[in-house]
Amino acid sequence: MWIVFAIAAAFFFGLRGILYQRFSRQGSDRHLTLLGVFMTGFVVSLIMMLMTGHRVQTPAGIWVGLAMGLASYFGNMALYRGFATGKTSLVGVLAGTIPLFTVVLAFFIWNERLSGVQLAAFLVICFGIYMIHYSNGLSLKGLKGAEWGLVAAFFFAMNDLLSKQSTLLHSGIFASLTLMFASGSLMFAISWWRSRSAERGKGVVYASYLSLLAGVGIGIINVSGVFMILNAFKTGKTGLVSALTAMSILVILSYSRLILKETFVRTELVGIVLSLMGIVILRLGG
């Protein structure tokens, strides 16, 4: 049964990425859209925290939970901007290289060593990213598209590490998620307030409400994915569940190829395949 939950989680997370791409290209207010996503997560997490009795045990746990929100804020902003300006397939693949950053950061923070399998996967992902970089001439000078996927992956990896730190501090999962969504919601609200135009017509106001409503809808899909993956982790092996949920990238790739009709040059295709292989091997090896 865990396989069904893991595949469902991959579908929901892939669908979330597709909706990010769709709304970002339609001129949706990204601050309000992501605010809606995080507000939904906050409400659901708060309800679950009250139902389960999860609590944060230490003041440090509170700060870690709030920091999770900051990392998730920057990660989602980068991902949304990447889908708005870059090639959907490449942004999806590069944003999926979270394990690459996770193992590197874990080494420096907790001195966690890589196994032979993990090291091999690490090198495969690096070569895959290089092939994508080579085929598109990507540069960190002026992030104009797919590079934002790597920025998103870095901050999502930070969020994963902070999540692990919260468990080391014995914080309840829903308590940490409540703090994360609360601080993230606050950041998106501040971003929206600072960016909104002083001369708003009625049409703009209406569009803003639509952006928020779209975010709530995406938030429900996101929470559904979280619910599915938590159920998958209950009975499935961590590495296998993680590998299956990483296949959310395939949902985005299928969408970009079948719906958006994106084409790939040979070096792009090789880079994408290598990155996918590396991600799966790294998650299985973890």
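The values are calculated or read from the model by the stated rules, or taken from the named source; none is laboratory data. Note that this is a predicted model, so its numbers are computed, not measured. A quick note on method: Cβ atoms are made from the backbone with ideal geometry, for glycine too, and the neighbour counts reach across all protein chains shown. What goes into the accessible areas is simple: the full protein's heavy atoms, side chains included, and nothing from ligands, DNA or RNA. Shrake-Rupley method; radii C 1.70, N 1.55, O 1.52, S 1.80 Å.
A count restricted to the range 16-39 and to residues that are open to solvent by 50 Å² or more (accessible area, probe 1.4 Å) and either in contact (Cβ under 8 Å) with a residue 12 or more places away in the chain or under 15 Å from the mean Cα position of the chain (by Cα) (or both) stands at 6.
Filtering the range 192-220 to residues that are of a type in the set (G, A, S), open to solvent by 60 Å² or more (accessible area, probe 1.4 Å) and either at pLDDT 85 or above or closer than 23 Å to N76 by Cα (or both) leaves S195, S197. Consider the range 46-65 and keep the residues that are among the polar types (S, T, N, Q) and within 13 Å of S166 (Cβ to Cβ). The one that is most open to solvent (accessible area, probe 1.4 Å) is Q57.
Rundown of residues vs (1) out of contact with any Lys or Arg (no Cβ under 7 Å at 6 or more places or on another chain); (2) under 23 Å from T263 (Cβ atoms); (3) aromatic (F, W, Y), yes/no style:
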| residue | (1), (2), (3) |
| --- | --- |
| G96 | yes, yes, no |
| L105 | yes, no, no |
| F108 | yes, no, yes |
| A121 | yes, no, no |
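Of everything in the range 256-286 that is in contact with a Gly (Cβ under 8 Å, 6 or more places away or on another chain) and modelled with pLDDT under 75, the residue that is surrounded by the most Cβ atoms within 10 Å (Cβ to Cβ) is I279. For L161, the test of being out of contact with any His (no Cβ under 9 Å at 6 or more places or on another chain), modelled with pLDDT of 80 or more and more than 20 Å from V37 (Cα to Cα) is passed. Looking only at the range 25-39, which residues are in a helix (DSSP H, G or I) and more than 17 Å from L70 (Cα to Cα)? Of everything in the range 25-39, just one residue is in a helix (DSSP H, G or I) and more than 17 Å from L70 (Cα to Cα), namely R25. The number of residues in the range 86-98 that are assigned to a helix (DSSP H, G or I) and touching a Ser or Thr at 6+ places or on another chain (Cβ under 8 Å) comes to 5.
For the residues F107, F42, F74, the requirement of being modelled with pLDDT under 90 and open to solvent by 60 Å² or more (accessible area, probe 1.4 Å) singles out F107.
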